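Trainee: Sharing a structure, written as structure tokens. Questions coming.
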Amino acid sequence: MRLKSNLLAAALALACAASQAVTLRVANVGDVQSMDPHSLNETLQLSFTASVYESLVGRGKDMSLVPLLATKWTQTSPNVWRFELRKGVKFHDGTPFSADDVVFSFARAADPGGDMRGYTSSFKEVRKIDDHTVEIETTAPNPILPDVISNVYMMSKKWCEANKAEKPVDRRKGVENTASFKSNGTGPFRLKERQPGTRTVIVRNLNYWDKVETNVDEVVFTPIGSDATRVAALLSGEIDVMEPVPLQDVERVKSNPNMVVLQGPELRTIFLGMDQKRDELLFSSVKGKNPFKDVRVRKAFYQAIDIEAIKTKVMRGASTPTALMVGPGVRGFQPDMNKRFPYDPEAAKKLLAEAGYPNGFEVTMNCPNDRYVNDSAICQAVAANLARIGVKINLQAETKVSYFPKILSRNTSFYLLGWTPSTGDSHDAMSALMMTPDGKGQGQFNLGNYSNAKFDELTTKVQSETDQAKRNEMIREAFKIHQDEVGHLPLHQQALAWGMTKKVSLVQLPDNRMFFKWVVVK
């Protein structure tokens, strides 16, 4: 009888524990595209996988640098940073984390097939000193290196080799490997289920090296592309958190006594890019030449865009028009330079005529429809604006799953993109978006191949300069070059809007990342 009683008590205890398990149900307009942390340099991708994988250095609730897999970092010489690694950390499969994994992970992140080369482009060598010490030597002094590597997550060398995932998934070529669907990180959550396009489930890593604030045992992530369906799911209680709240539904969600909308400024800048390299555009009615090589055409496009109408009608006031490729809150932002060319369709027509296109021309514009706030609607508004100066836009709006591989292959003539400087520094955007692409990480997301040798020279100097006043002046000079040449068409910084039930408490960062280790469900 005693044995039966004990078994019954144990069963009841297990049932009680199971009944107390906390599940967080999260929905987003788009899906996390891969479980491979080095495959795509995109905010949702990096935000979600940060719960499974970890970097040496991370971000705190105030965006400051905090220790993760490295406990300490010091600059031992102008070109060398030393990182002391955390001891006793294990990957989800029980394999100990060591310096070998760090050396391997940085080499993997630098592979041309992945999207993280920009973070390692300044590296000369990553070397193991001992099992818990590594050094990163750069080609030139890099005082912001700890900021730069905060997005490069560590993977298990042993696991990757055993699963033939030594190289990252190349989204541009549609290449997949085990790391696309499975994972083995050191983070506070581990992957339980992956159904691309349907749902992804992660559960608590009970052997995590650190204490966490969350009481969440399981996170169920679901992509819901329809705004109406996503809002309905939140209001009906089918999900607990959604991002983003459609602008037209913010007040509706706010008015529900059981809901809250967490809003705030985002560091992301939305902009348009143009192919400025090819002698003939891939997708245009103009044959034998490239109109975007002419600064007058680029400026005409800029001045044809009614940014205030986009702000009021498309963004419903939830955007801040910008003239720069970085926004307030980013180190190096120049507020007095943030003055757009005036909206002036007549001046735009004149510029087009001077450039040899008095009747305009036709060009295809690529745009995502599930990545940024009202991204497709923004593109539709731009197309309508350009129609007024005789430019016919063939708009191709599509899901980011097919959009990103296309534009990352530079298979585009005119495109929309958003960028959040992951380092919180202007150099990030300058290096990734505006420098001449070199195939090694520099200019990796400069998809239209804007190029200016002086800009490149200044950006290289900005990376190494430690005198903040001198550094700021160089950033100003570089921004002025880019503005004068209309290298891109900056539009606005969008605002954040996360909707959730009042029983959920979380932290909203200005880089739009949601860390589940800080979520508490009441």
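Trainee: Placing +1 at every Lys and Arg Cβ and -1 at every Asp and Glu Cβ, with all other atoms neutral, what dipole size does the chain have around its Cα centre, in debye to the nearest 20?
Mentor: Roughly 760 debye, rounded to the nearest 20.
Trainee: Can you give the Rg and Dmax of the chain based on its C-alpha atoms, in angstrom?
Mentor: 24.1, 97
Trainee: Can you tell me the orientation of helix 345-354 relative to the chain, as the angle in degrees between its alpha-carbon axis and the longest Cα principal axis, to the nearest 10?
Mentor: With rounding to tens, the tilt is 70 degrees.
Trainee: Right, something else. Quick query: amide H of Glu266 versus all other amide H atoms, modeled in the peptide plane; which residues come in under 5 Å with a sequence gap of 5 or more or a different chain?
Mentor: Leu496
Trainee: Taking one equal scatterer on every alpha-carbon of the range 365-411, how large is log10 of I(q)/I(0) by Debye at q = 0.24, 0.26 1/Å?
Mentor: Taken in order of the listed q values, log10 I(q)/I(0) reads -0.83, -0.91.
Trainee: Still on this structure, I have one more. Using θ = phi - 60° and the Karplus relation 6.51 cos²θ - 1.76 cosθ + 1.60, list the HN-Hα couplings for the range 267-272 in order, rounded to whole Hz, with x at every Gly or Pro.
Mentor: Whole-Hz 3J(HN,Hα) from phi for the range 267-272: 6, 6, 10, 9, 8, 10.
Trainee: In Å and on Cα atoms, what radius of gyration and Dmax does the range 412-483 show?
Mentor: Gyration radius and largest Cα-Cα distance of the range 412-483: 12.0, 39 Å.
Trainee: Also, quick follow-up: Tilt of helix 375-387 relative to the longest C-alpha principal axis of the chain, in degrees (0 to 90, nearest 10)?
Mentor: Here the helix axis deviates by roughly 0 degrees.
Trainee: With the dipole of the chain worked out from charges on the C-beta (+1 for Lys and Arg, -1 for Asp and Glu) around the Cα centre, which of Thr423, Ile310, Thr133 lies farthest toward the positive end?
Mentor: So the residue furthest toward the plus end is Ile310.
Trainee: Over every pair of different alpha-carbon atoms in the range 247-344, take the mean of 1/r and invert it; report that Kirkwood radius in Å.
Mentor: Every distinct Cα pair counted, the radius reaches 16.7 Å.
Trainee: Then there is this: Could you run the Karplus curve 6.51 cos²θ - 1.76 cosθ + 1.60 with θ = phi - 60° over the range 313-321 and give me ³J(HN,Hα) per residue in whole Hz, x for Gly and Pro?
Mentor: Each residue of the range 313-321 in turn: 8, 8, 9, 6, x, 8, 8, 10, x Hz.
Trainee: Straight-line reach only, C-alpha to C-alpha below 23 angstrom: list the lysines that Lys454 could link to, leaving out same-chain residues fewer than 8 apart.
Mentor: In chain and number order, the partners are Lys277, Lys293, Lys299, Lys339, Lys440, Lys470, Lys480.
Trainee: Of Leu489, Gln468, Thr222, which is farthest along the charge dipole of the chain in the positive direction, counting Lys and Arg as +1 and Asp and Glu as -1 at C-beta?
Mentor: It is Thr222, whose Cα lies furthest towards the positive end.
Trainee: Shape verdict for the range 165-323, please, from the Cα gyration tensor: rounded (a/c under 1.5), prolate (a/b greater than b/c) or oblate.
Mentor: Judged from the Cα gyration tensor, the range 165-323 comes out oblate (a/c at least 1.5, b/c at or above a/b).
Trainee: Still on this model: Shape call for the range 462-522 from the C-alpha gyration tensor, a ≥ b ≥ c root eigenvalues: rounded (a/c under 1.5), prolate (a/b greater than b/c) or oblate?
Mentor: oblate
Trainee: I've got another one for you. With a ≥ b ≥ c the root eigenvalues of the C-alpha gyration tensor of the range 343-450, is it rounded (a/c under 1.5), prolate (a/b larger than b/c) or oblate?
Mentor: Since a/c reaches 1.5 and a/b is larger than b/c, the shape of the range 343-450 is classed as prolate.
Trainee: Stretched out fully, how many nm does the piece from Lys124 to Met63 gain, at 0.36 nm a residue minus the Cα gap?
Mentor: Difference between extended and current length: 19.2 nm.
Trainee: Here's something else I'd like to know. Take the Cα radius of gyration of the range 237-292 and divide it by 2.2 N^0.38 Å, with N its residue count; two decimals is plenty.
Mentor: Ratio of Rg to 2.2 N^0.38 Å for the range 237-292: 2.10.
Trainee: Provide the per-residue ³J(HN,Hα) series for the range 119-132, in order, calculated from phi with Karplus coefficients 6.51, -1.76, 1.60 and θ = phi - 60°, each as a whole number of Hz, with x at glycine and proline positions.
Mentor: Karplus-based 3J(HN,Hα) across the range 119-132 equals 7, 10, 5, 8, 6, 9, 7, 10, 10, 8, 8, 8, 4, 10 Hz.
Trainee: Can you list residues from other chains, or at least 5 along the same chain, whose modelled amide H is less than 5 Å from the amide H of Leu395?
Mentor: Amide H to amide H, under 5 Å and 5 or more residues apart or across chains, Leu395 pairs with Met365.
Trainee: Would you calculate a helix-derived [θ] at 222 nm for the chain, using -39,500 (n - 2.57) for each DSSP H run of n ≥ 4 and dividing by the full residue count, to the nearest 500?
Mentor: Per the formula, -8000 deg cm²/dmol.
Trainee: In Å², and per residue, what accessible area does the range 86-227 have when probed at 1.4 Å with the other protein chains present?
Mentor: 42 Å²
Trainee: Mind jotting down a quarter of the surface of the convex hull over the alpha carbons of the range 82-235, in square nanometres, one decimal?
Mentor: Its Cα hull, projected and averaged over all orientations, spans 11.5 nm².
Trainee: Place a +1 charge on the Cβ of each Lys and Arg in the range 310-434 and a -1 charge on the Cβ of each Asp and Glu, then give the dipole magnitude about the Cα centre in debye, rounded to the nearest 20.
Mentor: Here the size comes out at about 220 debye.
Trainee: When averaged across all projection directions, what area in nm² does the alpha-carbon convex hull of the range 45-130 cover?
Mentor: Result: 6.7 nm².
Trainee: Size of the range 32-90 along its principal axes in angstrom, Cα-based, largest extent first?
Mentor: Largest first, the range 32-90 extends 39, 28, 24 Å along its Cα principal axes.
Trainee: Helix 468-484 sits at what angle to the longest principal axis of the chain, using alpha carbons and giving 0 to 90 degrees rounded to 10?
Mentor: Helix 468-484 and the main axis of the chain meet at about 50 degrees.
Trainee: OK, next. Please give the length that would be gained between Asn256 and Glu354 if that part of the chain were fully extended, namely 0.36 nm times their separation in residues minus their C-alpha to C-alpha distance (nm, one decimal).
Mentor: Value of the extension gain: 29.8 nm.
Trainee: Taking N as the number of residues in the range 182-265, what value does Rg over Cα atoms divided by 2.2 N^0.38 Å take?
Mentor: Ratio of Rg to 2.2 N^0.38 Å for the range 182-265: 1.30.
Trainee: Could you tell me how far the Cα centroid of the range 373-408 sits from the Cα centroid of the range 111-165, in Å?
Mentor: Answer, in whole Å: 36.
Trainee: Something else: Where the eigenvalues come from the Cα gyration tensor of the range 191-238, what are the semi-axes √(5λ) of the equivalent ellipsoid, largest first, in whole Å?
Mentor: 27, 14, 7
The values are calculated or read from the model by the stated rules, or taken from the named source; none is laboratory data. Note that the structure is a prediction, hence the values are computed from the model and not measured. Methodologically, a virtual Cβ is constructed for each residue, glycine included, from the backbone with ideal geometry; neighbour enumeration extends over all protein chains shown. The protein model used for the area step is the full one, side chains on, heavy atoms only, and it has no ligands, DNA or RNA in it. Shrake-Rupley method; radii C 1.70, N 1.55, O 1.52, S 1.80 Å.
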